[in-house]
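First the structure, in the form of structure tokens, and then the observations on it.
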Amino acid sequence: MQVDSFGRTTLRNSAAERLRTSHSGYLIEEAIERHLASALKRSPSEETLEFFGPPKQVVVVRTVSLPGGGAVAFADDISERHRLDAMRTDFVANISHELKTPVGAMAVLADALTGEDDSEMVQRLVGRMVFEAERAARTIDDLLQLTEIELGSVIDAVPLDAVALLSAAADRVRHSASERSVEIRLVDRAEPVTVVGEPRQLASALGNLVENAVKYSEVGGRVDLAVDGDGDGVAFTVTDDGVGIPQRDVERIFERFYRVDKARSRGTGGTGLGLAIVRHVATNHGGEVEVTSAEGEGSTFVLRIPHGTPAADVDGVESSLEEVEST
């Protein structure tokens, strides 16, 4: 927005016009007029305005005095940059914490081993060191996997047996499920269902969903798995009768490192990256992931992958599954 030496508007672009109809437009307009008055007195200024929304908005108002008289005001909406900066800051803080905790624990345990003669105590300390080392390795592996998935779209998508994919994901966690007496049930289907996708990404997404369902089930609980296919695509459903998710947290559970119950999550050994991986896999495949949950009653996650194809290429499906199961 530009004004002459008398403060009369001489130029106002379309973005400035839209301010008049925006939720925060009145306050931004007021700030522009205030700073223009200062700039007309040869005192350029700048101010950052934050509006908590929703959605949150951050606008920088800056004014410049013109050589021939008059002034120009710029209103720069930096909301997206501000959000990304906050995400970077949170990411660095979170990953530092996630790696510092097991590394620090290993240092303490190694120090405790020094001069220890009791073989039983040595075995316990070494076992704990192995646990902490594996915890750090899981965090790094999940980070690398998430980065790889984030950087690329779906590559080498092939037809896959959807039921076999979900069954393989269940098989990978059956041991941990049996230790807590959690039953995993896969709903049988009379006909095959084919999903077209990248084998490793889909295997990772389903593995994380089933692992989470088992992890947050109560002892003696049950996890139900189902696959449904129609003309629009394939839906993988994972349902548990576990602790559930408070409504206030449902919108945030797909953020990296976000945990509903930090104390419980650390006890179960999660990295806080699993659901972020699921969301990115869904996005890469043009699909979506949905969740419905009630605290204390359990959760249902549905991963939808669009554009399923007829299950005709049996050889292609079987060879693709063999590749997934071998990883």
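The values are calculated or read from the model by the stated rules, or taken from the named source; none is laboratory data. Keep in mind that what you see is a predicted model, and the values were worked out from it rather than measured. With ideal geometry, Cβ positions are generated from the backbone for all residues, glycine too; neighbour counts draw on all protein chains shown.
Annotations for the structure displayed:
- When R200, R128, R189 are checked against the criterion of being outside the structural domain of G242 (by TED's automatic domain parsing) and closer than 29 Å to S217 by Cβ, a single residue qualifies: R128.
- Qualifying positions in region 200-215 - modelled with pLDDT of 90 or more and either touching a strand residue (DSSP E or B) at 6+ places or on another chain (Cβ under 7 Å) or surrounded by fewer than 19 Cβ atoms within 10 Å (Cβ to Cβ) (or both): L202, A205, L206, L209, V210, A213, V214
- Residue satisfying condition, being farther than 21 Å from V291 by Cβ, in the same structural domain as G287 (by TED's automatic domain parsing) and either without any contact (Cβ under 8 Å) to a residue 24 or more places away in the chain or not charged (D, E, K, R) (or both), within set A177, A162, A168: A168
- Enumeration of residues in region 11-36 that are surrounded by 11 or more Cβ atoms within 10 Å (Cβ to Cβ) and polar (S, T, N, Q): S22, S24
- In region 209-258, residue nearest to the chain's Cα centre (by Cα) [restricted to those that are basic (K, R) and farther than 17 Å from G274 by Cβ]: R248
So that you can scan it fast, the table gives a plain yes or no per residue for (1) within 19 Å of the chain's Cα centre (by Cα); (2) charged (D, E, K, R); (3) more than 21 Å from G274 (Cβ to Cβ):
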residue: L143; (1), (2), (3): yes, no, no
residue: L160; (1), (2), (3): no, no, no
residue: L166; (1), (2), (3): no, no, no
residue: R174; (1), (2), (3): no, yes, no
residue: V182; (1), (2), (3): no, no, no
residue: D188; (1), (2), (3): no, yes, yes
residue: L202; (1), (2), (3): yes, no, no
residue: G207; (1), (2), (3): yes, no, no
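- The criterion of at least 3 residues that are farther than 24 Å from A177 by Cβ and at pLDDT below 70 is met by the following helices (runs of 4 or more DSSP H) wholly inside region 244-327: 314-325.
- Of all residues in region 48-70, those satisfying the criterion of being under 21 Å from Y26 (Cβ atoms) and either loosely packed, with under 12 Cβ neighbours inside 10 Å or in contact with a Pro (Cβ under 8 Å, 6 or more places away or on another chain) (or both) are F52, G53, P54, P55, R62, T63.
- Scope region 125-147; condition over 30 Å from T283 (Cα atoms) and surrounded by 13 or more Cβ atoms within 10 Å (Cβ to Cβ); matching residues: L125, V126, R128, M129, F131, E132, A133
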